[in-house]
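All of the numbers you see were taken from the coordinates with simple rules; none came from a lab. Being a predicted model, the structure only gives us computed values, none of them experimental. Positions of Cβ are backbone-derived with ideal geometry, glycine not excepted, and every protein chain shown enters the neighbour counts.
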Amino acid sequence: MNSAAAAAQENAFELGNATVRFGDTVALQRVSLAIAEGERVGFVGPSGAGKTTLLRLLNASQLPTEGTAWLGGVSGESVRGDQLRALRSSIGLVPQRYHLVPSLRVLHNVLMGKLGKQGFLASMRSLLLPNQEEQEAVHALLEEVGIGEKLFAKTDTLSGGQQQRVAIARALYQRPRALLADEPVASVDPTRAEATMSLLTRLSGESKLTLCVSLHDRALAKRHLPRLIGIRAGQVFKDAPSGAWSDADFEALYHLDSSALVDA
């Protein structure tokens, strides 16, 4: 094992001069950072700064155009096929759009969390005829996120906040080693935003999961996440404990000018 791989094994995520280009657009530029196992980190910055692309690097759905991305000691660029699917399935993601199937029951939407870890036949059996053990496991997760009574409800009958909790339960059903959430409070009121962040931090603490959250609300970020990484124009603007972020830092981070925005 080379020295870079040995160092990366000590972290949940490690990026080394990672650059991502989409045609002529540079979404991330020479980003280097390390996130320890079990750490809780917030990515903050203006819309279009590259936060979503950064999360996609961390769950191996996007590979760097240049540089390296180590995920739990595995280089995302070095694996393909089944190994790449296994790597992705080890990292839970709660996307901005929850990607639930509205016509299915909550039970089946959560069961989809393990599709990346099962073969086709096992996946179909689980979705069509979930056994008692699987139903109990899903119900336990729904209890954890506060909607245990919705196990057999049709997903399209749920409120937006309840659907968000289904998406969180689905990510946790993967039994991931890390949990990523992309703008999980962007479309909810302040009370629900506080509850969502409290839920994510509690679940990550109880399960010892690494937690990475992208969000805009500076006060919410400082209350719930011990470390904040500011992203601006595809680059790391500031990486420091949340208490070390001043109002002036946030004002500079969110100061609007066209050079600070990328399409990612």
Charge tally in the Cβ shell below 13 Å around V79, where Lys, Arg are +1 and Asp, Glu are -1, V79 excluded: +1
Take the chain, drop everything but the C-alpha atoms, weight them equally and run the Debye formula without solvent; then report log10 I(q)/I(0) at 0.08, 0.11, 0.13 Å⁻¹ to two decimals. -0.32, -0.61, -0.86
Of all chymotrypsin sites (Phe, Trp or Tyr not before Pro) in the stretch 82-171, which ones are in loop regions per DSSP and have a Cβ with at most 13 other Cβ atoms within 10 Å? F152
Counting Lys and Arg as +1 and Asp and Glu as -1 over every other residue whose Cβ sits under 13 Å from the Cβ of I35, the net charge comes to -2
Quick calc of log₁₀ I(q)/I(0), the stretch 100-175, Debye, one scatterer on every Cα, no solvent, q values 0.25 1/Å, result -1.19
For the chain, calculated [θ]222 nm from helices alone, where every DSSP H run of n ≥ 4 adds -39500 (n - 2.57): -11000 deg cm²/dmol
Which ordering of E134, E206, E77 is given by a fewest-first count of other beta-carbon atoms within 10 Å? E206, E77, E134
Size of the dipole of the chain about the Cα centre, Lys and Arg at +1 and Asp and Glu at -1 on the beta carbon, nothing else charged, in debye to 20? 480
For the chain, calculate the relative contact order in percent as a whole number, restricting contacts to Cα pairs under 8 Å that are 6 or more residues apart. 27
Which helices, counted as full DSSP H runs in the chain, have an axial Cα extent of no less than 15 Å and a Kyte-Doolittle average of -1.0 or above? 132-144, 160-173, 190-207
